[in-house]
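Structure first, commentary second.
The values are calculated or read from the model by the stated rules, or taken from the named source; none is laboratory data. Small disclaimer: the values here were computed from a predicted structure and weren't measured. No Cβ is skipped: glycine too gets one built from the backbone with ideal geometry, and neighbour counts run over all protein chains shown. Calculation scope for accessible area: heavy atoms of the full protein, side chains included, ligands and nucleic acids excluded. Shrake-Rupley method; radii C 1.70, N 1.55, O 1.52, S 1.80 Å.
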Amino acid sequence: MRLPTRLRTEGMPLIPASLAIAVVTAWTATGGGYESQPALGTSYHPDPWYLGGLMLVGLLGATALGIRGVRLSRWTKIACGAFALYILWSFLSVTWAHDRGAAFLGSDRALVYFAAFLTFAILPWRGWSARAALGMLVVGFGALALVTAIRIAVLANPAGLFLNARLSYPLGYYNADAAMFMTTAVTAIALCSRRCVQPVLRVAGIALAAVCLQLAVLGQSRGWLFTAPIILVIALLLVPNRLRLLIFASAPAVATAAIAPALLNVYGLATRGGVVLAEPQLGRVLHRESVHAVHAMLIANALLTIVVAFAVIADRRMSLGQRARAHIGRLGAAAALVAVIAAITGGLVATHGHPIARIERAWNSFANVNNTANGSSRFTTLGSQRVDFWRVGLNEFGHHPLLGVGQDNFAAGYLRERHTDQEPRWTHSIELRLLTHTGLIGALLFALFLVAVLLAARMGPRKPHAERVSGAIALLPLAVWLVHGSVDWLWEFPALSVSALAFAGAATSLGSVSSVKRDLESGAPTAPTHHRPRLLRVGAVMGGALLSIGALTALAVPYVAARHVQSAIAVWPQHPGRAYADLRSAASLLPFDAQTDLVGGAIAMNLEDRPAARYWLERAEHRDTQAWLAYFALGLLDGEQGRMAPAREQLIRAQTLNPREPAIALALNRLANGRPLEFAAAQRLLAARNEQRFGR
């Protein structure tokens, strides 16, 4: 049975969209697609990120070949051009970055984001197909949220789902989890506030949004808490029918607020004075309080489902004329304004009429890097070390204002200038990462991309109402990503970045004019346009093919190298020769990546193969002059071999690059006393500290 022509053609975007969402969902289930650095004694699995990235780049090529006649709007073309130039600039930064391997891999990540955006931008979306794709995203993320709630309730010891007594599953980082849950909730609420959605799906979507908000509370993300009201205001500004949206948004918010004490007790009782309990007491407390929290969620959401079901029935039975709808639209705008005024009034009441003084005290608390959470909830304190990250990021930007330090090259600068004991790889701010990594030029290119996206997706009167609504909802994942990402490192989670940027591409495409759409809607056969020279069309196809091949190569080469490193880490205790061969193969594929050499040096040191260790570590030192670990390990090696003067020189160089590292100070002290620190002892020291910070 053949589907109607219109259904087959207008539903065409759902095929590549479903594949892209499947990749995003698979990433979310495996740590968000985040690729950690290879290290001995840890699990290093590059497959999810690289395989997903290769699929998205390949999907772009297949989609471009399968689409005919789509004409992008002027602002969409500008957005694509600006993003493409940003990718080119990012790859150019490899030439001046000190860690060229990190710069290349970071550029690869941005390349995948561009592929996702462009794939969705060239698809011939309609309002219903865009809503269906957004619904698939909600189902994918929502299913993982439900699995998370079930696992919290059934595991005898759910400590593996928590980090520092805060929910960090499935992405492994509580702030990223909160952003994922918020993306699901706000998108589900916006979709389910529409009358065109089936009633059962509307009720289920609102209940799912409540589950996501409640799980976000378990993550105790202050970034989520303070950005959630901003995201709600943006949603009210973007999505038409504000009053209906506000009503349906209030239901899961009220359900979450009603059980907040049970949710907050999970962290409050699993810590004492901000210090997490030790095992096995931690596991027992988390199990008991998590079960109580999930039971409260079940009761609250069951009642919520009943209330929302009646609201949906009433909403569907209401029939309003044009004048009444206009009045309700004005009422919705007034309600949104009242909500904003109420928030401002509440702020004035909470600050006793002195908001400026309260803001100053809050900022001082936030800026105090030693002011950490010590209460029953992290929501009650503002102490954070982000301000120190931002200070160093701004300093790095000041030193390299035009070019930046190179993509993903922030970590070394922070270690050199930090005032905390943290070792972040990222600036914890999308805006600052753009300025720090790629300088003013890169930041302006990406800013132009964002402005062009908003202008391309603007809800003008020429767009049909359904497409204006769908375009507005499609921008909500981007809003969450940008607002929450302004105070966190969400860029580095492909599951969040791809979903945000891909649907931004869909928003730019909705309502755009294409010859294919006109031909299909009129029943005329699709034929290529003839006003362009054939040579130009052939050149465009060949250029696109070469671009796709280049992009696939840029991802495939580091993927193969990463597999070799993964193999070396797995086999070195039993097969040292094979491990060295794997590392040499990886180094031949990425000759500028110092991480491979550091892994080789660590393996050789553990095997007590001193000549091989020196070979690998000197290679790492040559490839990255700011790699403190290479100097540190060489200093330990020289000390073990009785070469005291070179050992001291290497350790001092390491301390210059990382002055607050206690292991370096210990090594220097031991060296001065004639008892050089052994590599195995230093490795245990570093591993114990990392386990304390990040869990096992």
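When region 10-36 is examined, which residues are found to be open to solvent by 30 Å² or more (accessible area, probe 1.4 Å), in a helix (DSSP H, G or I) and in contact with a helix residue (DSSP H, G or I) (Cβ under 7 Å, 6 or more places away or on another chain)?
Leu14, Ser18, Leu19, Thr25, Ala26, Ala29
For Leu607, work out the one condition from (1) without any contact (Cβ under 8 Å) to a residue 60 or more places away in the chain; (2) within 37 Å of the chain's Cα centre (by Cα); (3) closer than 22 Å to Gln37 by Cβ it doesn't fulfil.
Result: Leu607 fails condition (2) only.
For Ala165, state whether it is open to solvent by less than 20 Å² (accessible area, probe 1.4 Å) and over 20 Å from Val211 (Cβ atoms).
Yes; evaluated as a whole, the condition is true for this residue.
Condition first: modelled with pLDDT of 85 or more and open to solvent by 20 Å² or more (accessible area, probe 1.4 Å). Now tell me which residues in region 45-58 satisfy that.
Matches in region 45-58: Asp47, Pro48, Leu51, Leu54, Met55, Gly58.
When Ile67 is evaluated against the numbered criteria (1) surrounded by 19 or more Cβ atoms within 10 Å (Cβ to Cβ); (2) over 30 Å from Ala594 (Cβ atoms); (3) among the β-branched types (Val, Ile, Thr), which criterion, by number, is the only one it fails?
In the conditions (1) surrounded by 19 or more Cβ atoms within 10 Å (Cβ to Cβ); (2) over 30 Å from Ala594 (Cβ atoms); (3) among the β-branched types (Val, Ile, Thr), Ile67 misses (1) alone.
I need the full set of residues from region 435-470 which are under 25 Å from Ile122 (Cβ atoms), at pLDDT 95 or above and open to solvent by less than 60 Å² (accessible area, probe 1.4 Å), in order please.
Listed by number, the residues that qualify are Gly442, Leu445, Phe446, Ala447, Phe449, Leu450, Ala452, Val453.
Residues are listed down the side, and each one gets a yes or a no for (1) part of a helix (DSSP H, G or I); (2) within 25 Å of Leu134 (Cβ to Cβ); (3) open to solvent by 30 Å² or more (accessible area, probe 1.4 Å):
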{"residue": "Leu232", "(1), (2), (3)": "yes, yes, yes"}
{"residue": "Glu279", "(1), (2), (3)": "no, no, yes"}
{"residue": "Val285", "(1), (2), (3)": "yes, no, no"}
{"residue": "Arg288", "(1), (2), (3)": "yes, no, yes"}
{"residue": "Leu298", "(1), (2), (3)": "yes, no, yes"}
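For residues that are assigned to a helix (DSSP H, G or I) and touching a residue at least 12 places away in the same chain (Cβ under 8 Å), scanning just region 616-626, find the one that is surrounded by the fewest Cβ atoms within 10 Å (Cβ to Cβ).
Glu618
Of the residues Leu225, Leu218, Leu208, Leu191, which is over 16 Å from the mean Cα position of the chain (by Cα), open to solvent by less than 10 Å² (accessible area, probe 1.4 Å) and among the aliphatic types (A, V, I, L, M)?
Going through Leu225, Leu218, Leu208, Leu191 in turn, the sole match is Leu218.
Among the candidates Val112, Val154, Val138, which residue alone is of a type in the set (Val, Ile, Thr) and free of Cβ contacts under 8 Å to residues at least 12 places away in the same chain?
Going through Val112, Val154, Val138 in turn, just one is of a type in the set (Val, Ile, Thr) and free of Cβ contacts under 8 Å to residues at least 12 places away in the same chain: Val154.
Among what's in region 68-89 and is small (Gly, Ala, Ser) and assigned to a helix (DSSP H, G or I), pick the residue that is farthest from Arg458 (Cα to Cα).
Looking at the filtered set, the residue picked out is Ala84.
Can you confirm whether region 249-268 contains a residue that is of a type in the set (Gly, Ala, Ser), open to solvent by 30 Å² or more (accessible area, probe 1.4 Å) and under 13 Å from Val186 (Cα atoms)?
Yes, some residue in region 249-268 is of a type in the set (Gly, Ala, Ser), open to solvent by 30 Å² or more (accessible area, probe 1.4 Å) and under 13 Å from Val186 (Cα atoms).
Kindly provide the set of residues from region 134-160 that are outside any helix (DSSP H, G or I) and either open to solvent by 60 Å² or more (accessible area, probe 1.4 Å) or under 14 Å from Thr25 (Cα atoms) (or both), ordered by number.
Across region 134-160, the qualifying residues are Ala156, Asn157.
Just to be sure before I move on: is Ala97 in a helix (DSSP H, G or I) and of a type in the set (A, V, I, L, M) in the structure I sent?
no
Pick from region 37-67 the residues that are among the hydroxyl-bearing types (Ser, Thr, Tyr) and in a loop (DSSP other than H, G, I, E, B): which of them is nearest to Val560 (Cα to Cα)?
My answer is Tyr44.
Considering Ala602, Ala579, which residue is open to solvent by less than 50 Å² (accessible area, probe 1.4 Å), closer than 17 Å to Ala39 by Cβ and at pLDDT below 95?
Testing whether each residue is open to solvent by less than 50 Å² (accessible area, probe 1.4 Å), closer than 17 Å to Ala39 by Cβ and at pLDDT below 95 leaves just Ala602.
Name the residue, out of Leu92, Leu118, Leu123, that is part of a helix (DSSP H, G or I), closer than 17 Å to Val453 by Cα and either at pLDDT below 95 or open to solvent by 30 Å² or more (accessible area, probe 1.4 Å) (or both).
Within the list Leu92, Leu118, Leu123, the selection yields Leu118.
Here is a yes/no grid of residues against (1) in a loop (DSSP other than H, G, I, E, B); (2) within 11 Å of the chain's Cα centre (by Cα):
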{"site": "Gly439", "(1), (2)": "no, no"}
{"site": "Gly442", "(1), (2)": "no, no"}
{"site": "Val451", "(1), (2)": "no, no"}
{"site": "Arg458", "(1), (2)": "yes, no"}
{"site": "Arg468", "(1), (2)": "no, no"}
{"site": "Gly471", "(1), (2)": "no, no"}
{"site": "Trp491", "(1), (2)": "yes, yes"}
{"site": "Ser497", "(1), (2)": "no, yes"}
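Condition check ((1) of a type in the set (A, V, I, L, M, F, W, C); (2) touching a residue at least 24 places away in the same chain (Cβ under 8 Å)) across all residues:
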position	(1), (2)
Trp628	yes, yes
Arg643	no, no
Pro646	no, no
Gln650	no, no
Leu671	yes, yes
Leu685	yes, no
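Out of region 182-203, which residues are free of Cβ contacts under 8 Å to residues at least 40 places away in the same chain and assigned to a helix (DSSP H, G or I)?
Val200
Among the residues of region 586-599, what is the count of those that are modelled with pLDDT of 95 or more and farther than 19 Å from Glu35 by Cβ?
Result for region 586-599: 1.
Please determine whether any residue of region 628-642 is more than 21 Å from Ala570 (Cβ to Cβ) and exposed (fewer than 15 other Cβ atoms within 10 Å of the Cβ).
Yes, the conditions are met somewhere in region 628-642.
Checking the structure you have, find out if any residue of region 209-229 is of a type in the set (A, V, I, L, M, F, W, C) and outside any helix (DSSP H, G or I).
No, region 209-229 contains no residue that is of a type in the set (A, V, I, L, M, F, W, C) and outside any helix (DSSP H, G or I).
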